[in-house]
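Written out below as structure tokens is the structure these notes cover.
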Amino acid sequence: MASCPFATQRPISGPSGAYVGGPFKIVHHTTEGGSAQAAMDAYAAKKADPHFTVDGAKIYQHIDTGLGARALRNAERGVQTNHDSAVQIEVVGFAGKVKNRATLIKVARLCRWIEQAHGVPRVWPSGPPKPAKNGGDSGGHNRGMATWDATGGHYGHCHVPENTHWDPAYSAMESAFVLAAEFDAAGVLTNRDHPAVKAYLDYTPPPGLKAVKPQVITDHFDVGES
Ligand SMILES: [Zn+2]
């Protein structure tokens, strides 16, 4: 059982049940919307809560990380998804867009806490999420069941078996930053000189990127456990 000490507690639909397998992993999603409140309204309607929602201002915790969340599809047969010790984070933003920097810094801090609390290794076992291509799904995601079932680490929704969504589509720089950033107890970044941290903080997205209309994953919250 674990509550993040620097998260705002905001229970919505409650846990989906106990985990039935492991090892612990972190699953990254994007909300496919522009605000934490809109995402939380959608979870309430669809009973599709993750453990956490993160925007540039706050980290909200909806479910204790010791119990299953609801933001993944799970088929009757095959492997477990929500119940496979998957700690799920919804990042406010779009798979098809550059993520907000303040938000991603908070996501990285939260990941360090989850890794510590549940012994999650700081790796992408199925590779980093594939970045969006012209604001849309690049395809070719590694959704291998064996890796998911047996390996702790970080996964995108795009890597989860029995699921079709392609979020969070972090860029290579975003994926590297989320794993590399270190923080002190107050949440201040402590390794700005780390190559992956520095590269991400120094990067300015080209203006052309903003012009691309993202392909929004419209059914993103239709995946919750009933
Ligand atoms: Zn997702």
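The values are calculated or read from the model by the stated rules, or taken from the named source; none is laboratory data. The shown structure was predicted, so the numbers you read here are calculated from the model rather than taken from an experiment. Neighbour counts are summed over all protein chains in view; Cβ atoms, including those assigned to glycine, are modelled from backbone coordinates with ideal geometry.
Is there any pair linking a residue in the stretch 146-165 that is aliphatic (A, V, I, L, M) to one that is more than 15 Å from the ligand (Cβ to nearest atom), with Cβ under 8 Å and at least six apart or on different chains, and which?
ALA150/PRO23
Condition check ((1) aromatic (Phe, Trp, Tyr); (2) exposed (fewer than 14 other Cβ atoms within 10 Å of the Cβ); (3) within 16 Å of the ligand (Cβ to nearest atom); (4) farther than 29 Å from GLY21 by Cα) across all residues:
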{"residue": "PRO128", "(1), (2), (3), (4)": "no, no, yes, no"}
{"residue": "ASN134", "(1), (2), (3), (4)": "no, yes, no, yes"}
{"residue": "TRP148", "(1), (2), (3), (4)": "yes, no, yes, no"}
{"residue": "TRP166", "(1), (2), (3), (4)": "yes, no, yes, no"}
{"residue": "LEU189", "(1), (2), (3), (4)": "no, no, no, yes"}
{"residue": "ARG192", "(1), (2), (3), (4)": "no, yes, no, yes"}
{"residue": "LYS198", "(1), (2), (3), (4)": "no, no, no, yes"}
{"residue": "PRO214", "(1), (2), (3), (4)": "no, no, yes, yes"}
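Of all residues in the stretch 13-29, how many are closer than 13 Å to HIS51 by Cα and surrounded by fewer than 18 Cβ atoms within 10 Å (Cβ to Cβ)?
Start the filter on the stretch 13-29 by keeping residues that are closer than 13 Å to HIS51 by Cα, which leaves 13-17, 25-29.
Checking which are surrounded by fewer than 18 Cβ atoms within 10 Å (Cβ to Cβ) leaves us with 14, 17.
Summing the residues that are closer than 13 Å to HIS51 by Cα and surrounded by fewer than 18 Cβ atoms within 10 Å (Cβ to Cβ) in the stretch 13-29 gives 2.
Among the listed residues VAL123, VAL91, VAL98, identify the single one that is crowded, with 19+ Cβ neighbours inside 10 Å and within 15 Å of ILE26 (Cα to Cα).
On the way: VAL123 fails: crowded, with 19+ Cβ neighbours inside 10 Å; VAL98 fails: within 15 Å of ILE26 (Cα to Cα).
Matching residue, one of VAL123, VAL91, VAL98: VAL91.
Among the residues of the stretch 95-113, is there at least one that is of a type in the set (Val, Ile, Thr), within 23 Å of VAL20 (Cβ to Cβ) and either part of a strand (DSSP E or B) or in contact with a helix residue (DSSP H, G or I) (Cβ under 7 Å, 6 or more places away or on another chain) (or both)? Lay out the reasoning, then the answer.
As a first pass, look at the stretch 95-113 and keep what is of a type in the set (Val, Ile, Thr): 98, 103, 105, 107.
Still in the running and within 23 Å of VAL20 (Cβ to Cβ): none.
No, because not a single residue in the stretch 95-113 is of a type in the set (Val, Ile, Thr), within 23 Å of VAL20 (Cβ to Cβ) and either part of a strand (DSSP E or B) or in contact with a helix residue (DSSP H, G or I) (Cβ under 7 Å, 6 or more places away or on another chain) (or both).
Just the residues that are among the hydrophobic types (A, V, I, L, M, F, W, C) and surrounded by fewer than 24 Cβ atoms within 10 Å (Cβ to Cβ), please, taken from the stretch 41-62.
First, pick out the residues of the stretch 41-62 that are among the hydrophobic types (A, V, I, L, M, F, W, C): 42, 44-45, 48, 52, 54, 57, 59.
Scanning the stretch 41-62 gives ALA42, ALA44, ALA45, ALA57, ILE59.
Looking at the stretch 61-81, which of its residues are at pLDDT 95 or above and either more than 17 Å from ALA7 (Cβ to Cβ) or of a type outside the set (S, T, N, Q) (or both)? Let's see the steps before the verdict.
Going through the stretch 61-81, the residues at pLDDT 95 or above turn out to be 61-69.
Correct list: HIS62, ILE63, ASP64, GLY66, LEU67, GLY68, ALA69.
For ILE89, work out the one condition from (1) touching a His at 6+ places or on another chain (Cβ under 9 Å); (2) within 27 Å of ARG192 (Cβ to Cβ); (3) among the aliphatic types (A, V, I, L, M); (4) not in a strand (DSSP E or B) it doesn't fulfil.
Only one criterion is unmet by ILE89, namely (4).
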